[in-house]
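Take a look at the structure below.
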DNA sequence: ATTTATCCCCAAGCTTGAGC
DNA sequence: GCTCAAGCTTGGGGATAAAT
């Protein structure tokens, strides 16, 4: 026991030693002899004393409590006595007790009523607390009902009917015609009119006007429109609208700042380009791009606060992102190959059944379930957009500035960051690789300690679609009976530029629609018509049917693309990973997409070696679901792109006059374009086109006409698998084997010359 | 030419204190 | 303890300078 030890020490040191007259030796010895006994005795005495004191304190305390209890008792009996006498008085006044209480509260006697009002003002909460502690369930039920009835009181018209029945009847008789209109909700007009009248009476009752002015602001109404509607009484003034919006965003930001202190979160950012174009360029007004960055904060699903501690990240020791990898990591594993095959087979069947719903109905119980690997449970993701930053994130400095600004916006310091743990940062390939490069900036804060890059799956999907489109695009205007170009022009769709040689990247939407919506279902339906008997036609010295090979490869690759899109939609993150493992090889095979191939390789290997908790969080939050529908998942970076889309509309509406005019024109065009696109989709959704059948594309044909015009497509998996055989493969992820050797100063050189100090680098083999 | 920020004024509502 | 009015606060509107 520490206390005993302290006693021991104190007593042991309690001896005086005088230098001038030393104690007699024998006496000293005796003391020494007895010292242990003496100490034990002293310890015993001190302990005894302490016990007596404690006992005395205990008795005193008990006595005091006793007294208090007695006092309480007597007070209680006294109070009870008084209460009883009161109740007797009440009864003698011909009241029952409940009657008395209710009447007391409802009394209209001036003085009594005032007292009751005062009582409720000062002791109301206490009174309610007492009621609650007496009958919790009753009070809960009551509160719930009260809140519910408050919520129901939303209809303005109902309130009006109650408060001002005469005016309501009057207005109704004016605006309601005998025959109710089909196209117009007259109640709505009535409610609006009442709101306007009420606001004219008191400018403080302006809820409907406030809502309308926010709406106008979001639509990008001009200031003059605001003026007109405001003076008409339909909306509030422009300055109020701006004030409200500012208040709204301030409140949102405060909410986010509170949120990041109690919930784990991830951040996604993307750059936002707003073109400002002028009709006639002048020295002081030219076309220019405004580069900015928008970010969104997403609370993590399935992770508790502080669970992703910073220690889960292994410290980065080298400039290059070094990875430990084995031969098995270079290709998809056999399980993954099997998974992909299952998924592809399931999708082939699903596409057939989607075209013939009656078939699905008929064989309802015999349709196999989707081969699940690892699915994100259905949940609803919250999203909190952060203020747009006028920073160009596509540079190292910009990325650091973005991170700093976000941390400032969230008012996080190093302590709260430490409490929160690892922050997952999502973005496109460029953002993630920049984030990775920021890691070796030693001078500033070490961002790598608390960030984890997450490759955006939407951009991977775009890359995958481009790969398929470019590989099977063929040559424009060639006579080959099948190529993506051929199909595109047969369907009279908008001419595109694709293929590996094309200068511009193919637009994503049109090629996705072409491949997934139109060609894949058509091919599968056509292939179902035939039983494939031919095997690899290229084997041996047989003549090659290049078109047949192309179509088969295309079917495989587009099916993978389709499976990826579906897996994303349903939150099937296991299948997504499987496909990524395949695409990693296929991107290599193209020879033109090294960045995405590297990014996927790095991403998958990082995931393999990641701390299990962090990996789970990473995977569960790789996709978001804003609707909580089972098929409502989407990629995190797509969400950000959608934000940018809206930001552009709203921001541009408030830009300077020129851009406003310009954007006004564009937005009109966007809707027109979208309508056209929809129409095209509707018309071509189930293309009944016998081109595939006529050309017998899904059959091996030895001497096919037009074969000589077809450009053979590569089997991207085969090509990609060969990449690892090259000398410089994966060089980004391997440590630099060169070592520095100090060879000293050569003898024939002046040793005072610092430039002569020769350190040479040799390669160790 | 238009938006945005700021200042000033006004009206409604709330608080406080005097008078009854 | 109630009523009423003065004073204070808040929110809204309008004008105008600054910015774009």
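Structure above, values below:
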quantity	calculated
Computed lengthening from residue A:311 to residue A:629, 0.36 nm per intervening residue step minus Cα-Cα distance	110.9 nm
Segment residue A:193-residue A:97, extension gain: residue separation times 0.36 nm, minus the distance between their alpha carbons	29.6 nm
Point-to-point label distance, residue A:224-residue A:359, nm (Cα→Cβ direction, 7 Å offset)	6.1 nm
Residue exposure sequence - A:252, A:82 - by fewest surrounding Cβ within 10 Å	A:82, A:252
Global geometry of the stretch A:334-424, whether rounded, prolate or oblate, following the gyration tensor of its Cα atoms and the 1.5 cut on a/c	prolate
Extended-chain gain in nm, criterion 0.36 nm per residue less alpha-carbon gap, residue A:505 and residue A:335	57.8 nm
Nearest-0.05 FRET efficiency for residue A:616 and residue A:719, computed from C-beta distance (R0 41 Å)	0.75
Two-site FRET efficiency, residue A:56 against residue A:254, from Cβ-Cβ distance with R₀ of 41 Å, rounded to 0.05	0.15
A:177, A:414 arranged by Cβ crowding within 10 Å, fewest neighbours leading	A:177, A:414
Span from the the stretch A:582-603 Cα centroid across to the the stretch A:342-392 one, whole angstrom	25 Å
FRET efficiency for residue A:475 and residue A:729, using Cβ-Cβ distance with R0 set to 45 Å, rounded to 0.05	0.90
In nm, spacing of pseudo-spin labels at residue A:372 and residue A:517 (7 Å Cα→C-beta vector)	3.1 nm
Residue order, fewest to most beta carbons within 10 Å, for A:730, A:601	A:730, A:601
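Any read-out appearing in this document is the output of simple, stated calculations on the displayed coordinates, not a laboratory observation. Values in this document were obtained by computation on a predicted structure and should not be read as measured data. So basically every Cβ, Gly included, is an ideal-geometry build from the backbone, and we count neighbours across all protein chains shown.
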